[in-house]
Amino acid sequence: MLVLGVESSCDETSVAIVRDGKEVLANVINSQIKIHERFGGVVPEVASRHHVYQVSMVFEEAFKIANVDPNDIDLVAVTEGPGLIGSLLIGVNAAKTFSLMYNKPIIGVHHLAGHIYANAIESEMKFPCIALLVSGGNTELIYMKDHFEFEIIGQTLDDAVGEAYDKVARVVGLPYPGGPHVDRLAHLGNDTYKLPRVYLDDKSYNFSFSGLKSAVINLAHNANQRGEEINVNDLCASFQASVTEVLVNKTIKLANEMKTNNIIVAGGVSANKGLKERFEQYKDSYNICIPSIKYCTDNAAMMAVAGYYQYKKNNQLSDLYMNADASLELE
Ligand code: KG4
């Protein structure tokens, strides 16, 4: 089964062609990072305009790389939501146009399901499992009994972990998106600032990162006012140690409670080296899946794979009345 994936929920225009939920024939990603860098974050209106400009070219390139005829596509899988509404609309309308032109079935897929199913490309998903979803807009602990059965057990009560990374990066003068830069500098420093581990021993599986973010901001501002220099590498290492300790401990605790040793890590922050290293310590007792970097951040291959499994599970298609939904629920 050849699935055409389309993703445009934020600032990446991406089109992929994937065979049988596994073999990625093409995964073209046009990133707008350079365009939004000078604003220190994604500007929604600018993002949607660039999607309009890029989308046809990205479609063409994907078919060229995959060496596939559009008539051979069996299913179109598109990110229906959540995300920036203007951005989502471009991908959804491009996918619907393709579906109408070539008379192909179409299925709307949840963006976070896409991040989770990025793991099915390089390994086999085993159930039941715990999915730790960490991205720029989400931080969630999800229990999955089987394919496409999502139960959100815990989530952030304020900032998403990627958002906290990006804000901390900005405070210490690193470019957008800050996550990879903080990760890099963290490996050059030590956990000397002893930042709080919010909700580490809390009974719930919720998270909170705004207090930690404020602690970093206050620390930097106070040092600045006193004319003291902060050690940026140590501050990044301290922030990363605090974040990863809470994320990993809670994930392991939930896996134990749910009596499973299958763990999936998903979303842009799953590219974080510190997070991977901390999960490594548990690899003898747990089956831990983390996608390779190219499938961690937004891409259409993961959407094609998720669409494939969603269709296999429910046998239900969308139709051309499908619309983008900026706050689509996963459960
Ligand atoms: O999943 P994603 O591509 O977009 C959505 O939010 O849907 O995630 C982007 C987020 C950004 O906040 C970025 O800073 C973060 O993922 N990120 C990282 C790393 N690579 C990307 N955060 C920490 N360490 C990284 N290596």
Rounded to the nearest whole Å³, what is the per residue volume of the convex hull around the Cα atoms of segment 100-190? 184 Å³
Which of Gln240, Gln225, Gln54 ends up with the largest GNM mean-square fluctuation for the chain, with Cα atoms connected below 10 Å? Gln225
Rounded to the nearest 500, what is the chain's calculated 222 nm mean residue ellipticity when only DSSP H runs of at least 4 contribute -39500 (n - 2.57) each, over all residues? -13500 deg cm²/dmol
Taking only protein heavy atoms into account and a 1.4 Å probe, give the accessible area per residue of the chain in Å². 44 Å²
Where in segment 1-107 are there trypsin sites (Lys or Arg not before Pro) that are in a DSSP coil and have at most 13 other Cβ atoms within 10 angstrom of their Cβ? Lys22, Arg38
Please state the charge dipole magnitude for segment 35-110, taken about the Cα centre, from unit charges on C-beta atoms (+1 on K and R, -1 on D and E), reported in debye and rounded to the nearest 20. 200 debye
Using 0.36 nm per residue, how much length does the chain from Lys259 to Lys273 gain when fully extended, once their Cα-Cα distance is taken away? 2.4 nm
Answer in debye to the nearest 20: the dipole magnitude of the chain about its Cα centre, from +1 Lys/Arg and -1 Asp/Glu charges placed on Cβ, is 380 debye
On C-alpha positions alone, give me the angle between the axis of helix 210-225 and the longest principal axis of the chain, in degrees, nearest 10. 50 degrees
Quick one: which residues, 5+ away or cross-chain, put their amide H under 5 Å from the amide H of Asn262? H built at 1.01 Å from N. Ile130, Asn287
Can you tell me the 0 to 90 degree angle between the C-alpha axis of helix 44-66 and the longest principal axis of the chain, rounded to 10? 60 degrees
Name the most mobile residue of Ser242, Ser31, Ser285, meaning the one with the largest mean-square fluctuation, in a Gaussian network model of the chain with Cα contacts below 10 Å. Ser285
Students often forget the sequence filter, so: which lysines lie under 27 Å Cα-Cα from Lys167 once same-chain residues fewer than 8 apart are removed? Lys34, Lys194, Lys213, Lys250, Lys273, Lys276, Lys294
Mind checking the log10 I(q)/I(0) for segment 126-290 at q = 0.08, 0.18 Å⁻¹? Debye, one equal scatterer per Cα, no solvent, two decimals. -0.23, -1.06
Summarise the accessible area of the chain (1.4 Å probe, protein heavy atoms) by the percent that is carbon and sulfur. 48 percent
Need the full-extension length gain, Asn103 to Lys283, defined as separation in residues times 0.36 nm minus the C-alpha distance. One decimal, nm. 60.2 nm
Just going by the charge dipole of segment 89-172, with Lys and Arg at +1 and Asp and Glu at -1 on Cβ, which of Leu112, Leu100, Gly137 is farthest out on the positive end? Leu100
In whole angstrom, the spacing between the Cα centers of segment 283-307 and segment 61-125 equals 16 Å
Tell me which of Phe150, Ile85, Asn314 sits at the most positive position along the dipole axis of the chain, charges placed on C-beta atoms (Lys, Arg +1; Asp, Glu -1). Phe150
Dipole size in debye (nearest 20) for segment 79-222 around its Cα centre, Lys and Arg Cβ +1, Asp and Glu Cβ -1? 300 debye
Those GluC sites (Glu not before Pro) from segment 130-167 that are DSSP loop and have at most 14 other Cβ neighbours within 10 Å turn out to be Glu149
Kindly sort Cys129, Cys10 by accessible area of their heavy atoms, largest first, with the probe set to 1.4 Å. Cys10, Cys129
Expected max-MSF residue from Met302, Met57, Met125 in the GNM of the chain (alpha carbon, under 10 Å) is Met57
Under 5 Å between amide hydrogens, which residues at least 5 positions from Leu25 or on another chain qualify, with H placed 1.01 Å from N in the peptide plane? Ile17, Val18, Arg19
In degrees, nearest 10, the alpha-carbon axis of helix 300-314 is tilted away from the dominant principal axis of the alpha carbons of the chain by 70 degrees
Which value results when the Cα radius of gyration for the chain is divided by 2.2 N^0.38 Å? 1.00
So which GluC sites (Glu not before Pro) in segment 18-85 pass both tests, a DSSP loop state and at most 16 other Cβ atoms within 10 Å of the Cβ? none
For Ile153, which sequence-distant residues (separation of 5 or more, or a different chain) have an amide H within less than 5 Å of its own amide H, given hydrogens modelled in the peptide plane? Leu141, Ile142, Tyr143
Set the Förster radius R0 to 22 Å, insert the Cβ-Cβ distance between Asp72 and Ser292 as r into 1/(1 + (r/R0)^6), and round the FRET efficiency to 0.05. 0.20
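The values are calculated or read from the model by the stated rules, or taken from the named source; none is laboratory data. For clarity, every value in this text was computed on a predicted model and none was experimentally measured. FYI the Cβ positions are ideal-geometry reconstructions off the backbone, even for glycines, and counts take in every protein chain you see. These accessible areas exclude ligands, DNA and RNA; they are computed on the full protein's heavy atoms, side chains included. Shrake-Rupley method; radii C 1.70, N 1.55, O 1.52, S 1.80 Å.
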